[in-house]
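Peer 1: Next up is a structure, given as structure tokens.
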Amino acid sequence: MTATRIDGKAFAAQLRDRVGKDAAEFETRAGRKAGLAVVLVGEDPASQVYVGSKGKATVAAGMASFEHKLPADASAEDLLALVDRLNSDPSVDGILVQLPLPGHLDEQSIISAISPDKDVDGFHVINAGRLSVGQSGFVPCTPLGCMMLLTDRLGDLSGLEAVVIGRSNIVGKPMAQLLLDANATVTIAHSRTKDLPGVVKRADIVVAAVGRPEMVKAEWLKPGATVIDVGINRLPPEPGTEKGRLVGDVAFDEASEIAGAITPVPGGVGPMTIAVLLRNTLVAAYRNEGLDVPEDL
Ligand code: GUN
């Protein structure tokens, strides 16, 4: 048996299309573009690439992008002053402070300074709390994107066994919450879990978010399972090549023989994250203007 490939790239393109149409509608109704402010502290090369892609995607969707770059040695006061200005700027609907921050800055206290209604990353404790009690707020982009792929593939998730591997605040915990809200039976597995292969074997849905290359093996999977691979890991370069291959947390080729459906890396979950960020920003804009959020977002 060969699993269906879940095409996150195509799904993300459709979502971005809908966001683009709804962003144009927003501009007509509000008399301004929806706006996303992205803050980068320091010069981490990967973060620079991410921030650049987010800015481009924002503009491509017909929204305004505001990029703010602070030096690596910026003080907490400087950063908090910027966040404060963005909180009160009516042309800014969403604020994203790119993580990781340099070591001298406390990430949680910076995130806590962002207005929860502009926290399109969904990292603020208020939004984590809203998700936990079932109030509407902002849900972190990667798990929300995974959920969109899962419901597109499976429809109703009621009663399905879901195993989330990884318990981060950014992916594992919110993912488990979303699956629970969809009436799945949810297990969160992590580095201390005993008999991880045995736990994964029960799962109709596996979400792997641990950051360990090709850790999940074919023989761990229940035949027909739906596998969502959040991992993006670069392997060491092969002799004679400059860069190693990108792989997920799941051994894709062998897992494809057992799973019912699986996301590839790259081209699976990755492209969903920015598409959902644009979606969250536009939702923030509609809410900030007191307008009804379009149903297709
Ligand atoms: N760094 C890597 N991914 C993310 C993300 O989704 N949001 C933020 N703010 N920083 C990140």
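Peer 1: How high is the FRET efficiency between Ser112 and Asp89 when r is their beta carbon distance and R₀ equals 22 Å, given to the nearest 0.05?
Peer 2: So the FRET efficiency works out to roughly 0.75.
Peer 1: If you don't mind, another one. Check the straight Cα-Cα distances from Lys33 and name the lysines below 18 Å, setting aside those fewer than 8 residues away within the same chain.
Peer 2: Here the lysines satisfying the reach criterion relative to Lys33 are Lys21, Lys54, Lys56, Lys118.
Peer 1: Between Asp156 and Ser75, take the C-beta separation as r, use R0 = 35 Å, and let me know the FRET efficiency to the nearest 0.05.
Peer 2: In this case the efficiency is close to 0.10.
Peer 1: Just rank Lys173, Lys118, fewest to most, by other beta-carbon atoms within 10 angstrom.
Peer 2: By the 10 Å Cβ count, ascending: Lys173, Lys118.
Peer 1: A follow-up question, please. Name the shape class, rounded, prolate or oblate, that the alpha-carbon gyration tensor gives for segment 176-273, where a ≥ b ≥ c are the square roots of its eigenvalues, rounded holds for a/c under 1.5, and otherwise prolate holds if a/b is larger than b/c and oblate otherwise.
Peer 2: Cα axes put segment 176-273 in the prolate bin.
Peer 1: Follow-up question, since we're still on this one. Quick one: work out the % antiparallel among DSSP beta bridges in the chain, nearest 5.
Peer 2: The answer is about 5 percent antiparallel.
Peer 1: Right, another one. Expressed as a whole number of Å, what is the distance separating the alpha-carbon centroids of segment 219-238 and segment 31-70?
Peer 2: 30
Peer 1: If you don't mind, there's one more thing I want to ask. Please give the Cα centre distance for segment 90-108 versus segment 167-190, rounded to the nearest Å.
Peer 2: About 24 Å separates the Cα centre of segment 90-108 from the one of segment 167-190.
Peer 1: Another question, if that's okay. What FRET efficiency do you get for Glu238 and Ala60 if R0 is 35 Å and r is their Cβ-Cβ distance, rounded to the nearest 0.05?
Peer 2: Once the sixth-power term is evaluated, E becomes 0.55.
Peer 1: Here is a further query. Could you name the aspartates and glutamates in cross-link range of Lys69, using Cα to Cα under 19 Å and dropping any fewer than eight places away on the same chain?
Peer 2: Once the sequence-local aspartates and glutamates are set aside, what remains near Lys69 is Glu43, Asp44, Glu77, Asp78, Asp84, Asp89, Asp93, Asp106, Glu107, Asp119, Asp121.
Peer 1: Straight-line reach from Lys194: which lysines have Cα under 25 Å away, leaving out those fewer than 8 places along the same chain?
Peer 2: Within the straight-line limit of under 25 Å, Lys194 reaches these lysines: Lys173, Lys217, Lys222.
Peer 1: Moving on to the next point. I need Ile126, Ile6 ordered by Cβ neighbour count within 10 Å, fewest first.
Peer 2: Least crowded to most crowded, the residues run Ile126, Ile6.
Each reported figure results from applying straightforward, stated rules to the coordinates on display, with no laboratory input. In this text, all values refer to a predicted model and were calculated from it rather than measured experimentally. All Cβ positions, glycine included, derive from the backbone under ideal geometry; neighbour counts span all protein chains shown.
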